[in-house]
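Structure first, commentary second.
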């Protein structure tokens, strides 16, 4: 259903921001997590999944790409803080 293709262990991508990240923010101000959502997942189910991540793990939607096969590539981001918020398993 969802592929957290963000590197080993499925953790957030740290360090370099994606090339499309806004220039108004320093590159290390946000953690990014890319997700791939299958075409078989309904829009409502995807929205619910992303809302849960936003509510309980502090992520916000940064970018969505939709492919011709119906799958979606989603990037979530959250501000870095000294005490990191817990993450949800995919």
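The values are calculated or read from the model by the stated rules, or taken from the named source; none is laboratory data. Nothing here was measured: the structure is a model prediction, and the numbers come from that model. Note that each Cβ is placed from the backbone with ideal geometry, even for glycine, and that neighbours are counted across all protein chains shown.
Some observations on this one:
- Residue selected from the range 53-79 under the condition surrounded by fewer than 12 Cβ atoms within 10 Å (Cβ to Cβ) and within 22 Å of residue 30 (Cα to Cα), by the criterion modelled with the lowest pLDDT: 79
- Test: residue in the range 27-43 that is touching a helix residue (DSSP H, G or I) at 6+ places or on another chain (Cβ under 6 Å), modelled with pLDDT of 85 or more, surrounded by 12 or more Cβ atoms within 10 Å (Cβ to Cβ) and closer than 22 Å to residue 67 by Cβ: yes
- Residues (under 11 Å from the mean Cα position of the chain (by Cα) and over 15 Å from residue 34 (Cα atoms)) located in the range 51-70: none
- Any pair with Cβ under 6 angstrom, 6 or more apart, that starts in the range 55-77 at a residue that is on the phi > 0 side of the Ramachandran plot and ends at one that is at pLDDT 95 or above: 70/39
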